[in-house]
Amino acid sequence: MIVLRFDRGALVVEDDQGKPPVRRRANEYAGVLRELREWSTDFRDEALKAPPVEPLRSRFEARDYQSEAVVGWEKAGFRGIVVLPTGAGKTIMAIKAMERLQVATLVVVPTIVLMEQWRGVLADAFGVEVGALGGGSSDIQPITVSTYDSAALRARELGDRFALIVFDEVHHLPAPSNARIALNYLAPHRLGLTATLGRDEGVLQELEELVGPVVYEKGVEELAGKHLSDYTVHTVNVPLAPSEKLEYDRQFAVYKGFLQRRGIKIRSARDYLLFVKRSGVDPEARRALMGRNTAMDIALNSRSKEEYLRNLLAANPDEKTLIFTRHNKLVYRISRSLLIPAITHQTVKEEREEILDRFRRGVYRRIITSQVLDEGIDVPDASLAVILSGTGSSREFIQRLGRVLRKKEGKEATLYELVSFGTAETRMSRRRKET
Amino acid sequence: MILPHEFIRVRRTKTAITPLFADSEKLSLAKTLIAVYGENRDGRRGELLEGLASCEELGYDFKLVRGLSAVLDSRCIFGARSFVPAFKARTMLFEEAARRPSMLERDRGEVLAKMAERLGVTPTDLDESMYADLLEEQHLIDFKEPSPDELLQLYNFALAAVVLAYSVRIVVGYPGRCERLEKAAAALGEPDVRVGSLSVEMKPVKQIGVRGAKVEHLLALLLEAKNWSLRADVAYPPRYQETRPLELTQKLHGGTLKAEPVEEEVVIEIEVPVRKSSFGGIIVIDDITHRLGITDRELLRKVEAEKVRYVRLPGVLVTPEKLVELRAGLEEIEGDDLAAYKAFLKGHGCKNPVPVLEALGYFVDVDPETRRPSVSRLRRGASG
């Protein structure tokens, strides 16, 4: 007789033949169970100690694509990743998945704000007490929402308590500290949710091992019109002011000159990281790095963009508008000059909530923010988004676009992406579109 | 102070690790940096930062420039200067601006003028107040200017302290016995005390900064002794498992290192005895300074301004009344379960219990196998 046990983040397989017990990763539990059943082996499962749950039934109606996603996930053995755009109702899809399985569930989220949002929605949906793990809370219930950090820290202790794990914003999972959750919890059923996975083969393969394959995917284009708002994206090339252009060229030349002199080619993120590392010990490399940073600073935060934004807002005075930047510096500059409420990581929670509430109620029609609203905070509906600057990543772009796509009768969302013409930012924007 | 770890400069060979102390060749850099701070008295922190950034282009290792700046920063007091509370200023301006369909240049002026009149301040004052609470907008109110030599010594001390924070073991030599040193060592681990020396194996910590503050205290006390010596096994950078010895002696380094005066348990006596502080009865200094983006000294000034009496323990300030309650309550907790101690302290409004427990003379240890945290009482060194 084989006996399965859970021991501090590991699955222990023992038998009564006197062989030493074998320790395996907890995430192999589902595979081990399957093999034992396939071989009709006698075994006793003492590993998973997930408590029973009260019947999970919600009043939410799933949209057709949400139901299709649940079916796709079920067909894949209740393991896999669902990719849906922001605003498409990934939470509802997860609720339907939980209804389908009726098991103890851990929902893992990247931020405390999201943890509170999920708790609210789940408590409302199922009418049960929902536990919280993270942000000073440690209340473990059959349905619990945790931050990635706390779930990882408590993995060795809680790894046998849940039969299903829902990974919200699952693209965060491959980070080494987060991957411990997937590795050290037994949970045979896993659901990953994200708006965008990227195209990195290594990451996709790792996610497939940790959670499962992509079982359902719908892009913005497929849902726009019926389930999400119709939208238009305008990329506007804004030339730098002559003085800005002069300084940009001067600073960028310092960087390019250094690379040329040293015969360094930057072809990938790794090459760039090596260059940054070198700047820690090589003063000339440091000057080159500073030159590049200054040049990018000019391109990303140009005065011309601010002027274009001013005109854009004047032409769309009644649109509820979200303005995104890469740097806080630009957020505060514009907040001051155009008197627009700002949200950055420096904004205290109370003020952030008040700004969002006033935006929701229409007291404010505009908010300017850096990257803090990209994900993890429930942002009220808006119809116009302006990206003044960003990192150039597709994920960030899609997340920002998603902020204006919530469906509303008669609404057509518009996104403006302002790019400093003739600078490295133009290349960043082009590269993003190619991926 | 200890340097932020990102500014550590060391030479690591197969046989030793040596902090790259600032020598007299760096005096001109020290003078320049002191001058930048001096010139920015009363100015915005943002402007000071720009000045410091330009010093990084002088050809010195930027980690040295930033490390020296960090030492100077710790001798500064920054403060918000606003004529109207910043949040109130913002809210009024945003609300008024939102009533206007467009925001042209002239609209901004009108909004500012209208709201300024309502608040009884000038438009410029209101404009300045709008984001006065941002770190970059704070003003340099006071700067305790060191001499260039002193700055280098303080820097070297801060560098030594942060490198020593990565030690797994420290052995110090000094004449006879010193109770204060033994107490400081007990905060780091279980010390083996002998006449003329003590050694301590470091207990594991989650945050190196927590240990750093204790190492700093130990080193500062050691510098007061005669014929002192120190040998540490240092695991830095932490990714390397192997340690390297670091040796410091009074003979070689006595003139190189200087600590800021050690502040013992200070009772801040203020004339109004019973009054509630906006900081609450328990202040975890690191938490508040981090949250408000201010230095320890700035916080102490703020606390003083509250006119509430606090007892200063390592890293924590507690009102005397609260201290009595905490000590009595903690004594009554049975067992070593951290959760019970946490719950008790949370009941007293303490959101970060571990530093408070440590300040009150309790150990928080995590079993490496079970990861279960447990609490025990220090045999010696219970502070306060």
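Just name one of A:Ala187, A:Ile112, A:Leu173: the one whose Cα is farthest towards the positive end of the charge dipole of the stretch A:64-219 (beta-carbon charges, Lys/Arg +1, Asp/Glu -1).
So the residue furthest toward the plus end is A:Ala187.
Would you look at the GNM of chain B, springs on alpha carbons closer than 10 Å, and say which of B:Lys14, B:Lys302, B:Lys258 moves the most?
Among B:Lys14, B:Lys302, B:Lys258, the largest mean-square fluctuation in the Gaussian network model of chain B belongs to B:Lys14.
Starting from a Cα-only point model with no solvent, please compute log10 I(q)/I(0) by Debye for the stretch B:86-132 at q = 0.19, 0.24 1/Å.
-0.51, -0.80
Give me D for the stretch A:64-219 in µm² s⁻¹, whole number, from Stokes-Einstein with Rh from the Kirkwood sum over alpha-carbon pairs, 37 °C and 0.692 mPa s. Show your work: numbers first, answer last.
Values: Rh = 15.1 Å.
Translational diffusion coefficient: 217 µm²/s.
How many angstrom lie between the C-alpha centres of the stretch A:120-160 and the stretch B:211-226?
A separation of 42 Å, based on Cα centres.
For the protein assembly as shown, max minus min Cα coordinate along each principal axis, in Å, sorted largest first?
84, 81, 66
In a solvent-free Debye calculation with one equal scatterer on each Cα, what is log10 I(q)/I(0) for chain B at q = 0.11 Å⁻¹, listed in the order of the q values?
-0.92
Please compute the length gained on full extension between A:Arg427 and A:Lys49, using 0.36 nm multiplied by the number of residues separating them and subtracting their Cα-Cα distance.
Stretched fully, the A:Arg427-A:Lys49 segment lengthens by 130.8 nm.
In the P(r) worked out for the stretch A:299-420, what percent of Cα pairs fall beyond 18 Å? It would help to have the intermediate numbers written out before the result.
On the way: 3437 of 7381 pairs.
Here the long-distance tail beyond 18 Å is 47 percent of all Cα pairs in the stretch A:299-420.
Using only C-alpha positions, report the orientation-averaged shadow area of the convex hull of chain A, nm², one decimal.
Dividing the Cα hull surface by four gives the mean projection, 24.6 nm².
Would you grab the residues whose amide H sits under 5 Å from the one on A:Arg79? Only those 5+ places off in sequence or on another chain, please, with H modelled 1.01 Å from N.
Distant-sequence amide H within range of A:Arg79: A:Arg190.
Placing +1 at every Lys and Arg Cβ and -1 at every Asp and Glu Cβ, with all other atoms neutral, what dipole size does chain B have around its Cα centre, in debye to the nearest 20?
Magnitude of the dipole: close to 720 debye.
Loop-only trypsin sites (Lys or Arg not before Pro) in the stretch A:245-308, please: DSSP not H, G, I, E or B, and at most 11 other Cβ atoms within 10 Å.
Listed in order of number, the matching sites are A:Lys265, A:Arg267.
What's the center-to-center distance, using Cα atoms, between the stretch B:171-198 and the stretch B:93-136 in Å?
60
Hand me the chymotrypsin sites (Phe, Trp or Tyr not before Pro) from the stretch A:279-376 located in a DSSP loop with no more than 12 other Cβ atoms within 10 Å, in residue order please.
none
Would you kindly compute the Cα radius of gyration of the stretch A:161-254 and its largest Cα-Cα separation (Dmax), both in Å?
Values for the stretch A:161-254 (Cα only, Rg and Dmax): 20.9, 63 Å.
Assign unit charges at the C-beta atoms only (+1 for Lys and Arg, -1 for Asp and Glu), then state the dipole size of chain A relative to its Cα centre in Debye, rounded to the nearest 20.
1700
As I understand it, the value is the acute angle between the Cα axis of helix A:283-300 and the longest principal axis of the Cα atoms of chain A; what does it come to in degrees, rounded to 10?
Value to nearest ten degrees: 80.
Among B:Ser374, A:Thr235, B:Ser167, which residue has its Cα furthest toward the positive end of the charge dipole of the protein assembly as shown, with +1 on Lys/Arg Cβ and -1 on Asp/Glu Cβ?
So the residue furthest toward the plus end is A:Thr235.
Roughly what angle does helix B:338-347 make with the longest principal axis of chain B, taking Cα atoms, 0 to 90 degrees, to the nearest 10?
40
P(r) for the stretch B:36-172: what percent of alpha-carbon pairs falls in each 5 Å bin, starting at zero?
Distribution as computed: 2, 9, 14, 14, 12, 11, 9, 9, 8, 5, 4, 2, 1, 0, 0 percent.
With the dipole of the protein assembly as shown worked out from charges on the C-beta (+1 for Lys and Arg, -1 for Asp and Glu) around the Cα centre, which of B:Phe62, B:Cys178, B:Ala220 lies farthest toward the positive end?
Looking along the dipole axis, the top candidate is B:Phe62.
Normalise the Debye intensity by I(0) for the stretch A:2-45, one equal point scatterer per Cα, no solvent, then take log10 at q = 0.19, 0.27, 0.31 Å⁻¹ and round to two decimals.
-0.53, -1.02, -1.20
Kindly provide the trypsin sites (Lys or Arg not before Pro) of the stretch A:382-424 that DSSP labels as loop, not H, G, I, E or B, and whose Cβ sees at most 12 other Cβ atoms within 10 Å.
A:Lys408
Hey, got the dipole for the stretch B:86-132? About the Cα centre, +1 on K and R Cβ, -1 on D and E Cβ, debye to the nearest 20?
In total the dipole reaches around 180 debye.
What do you get for the angle between helix B:86-98 and the principal long axis of chain B? Use alpha-carbon atoms, 0 to 90 degrees, nearest ten.
40
Every number in this text was worked out from the coordinates using simple rules, so none of it is lab data. Because the structure is predicted, anything quoted here is derived from the model rather than measured. Neighbour counts are summed over all protein chains in view; Cβ atoms, including those assigned to glycine, are modelled from backbone coordinates with ideal geometry.
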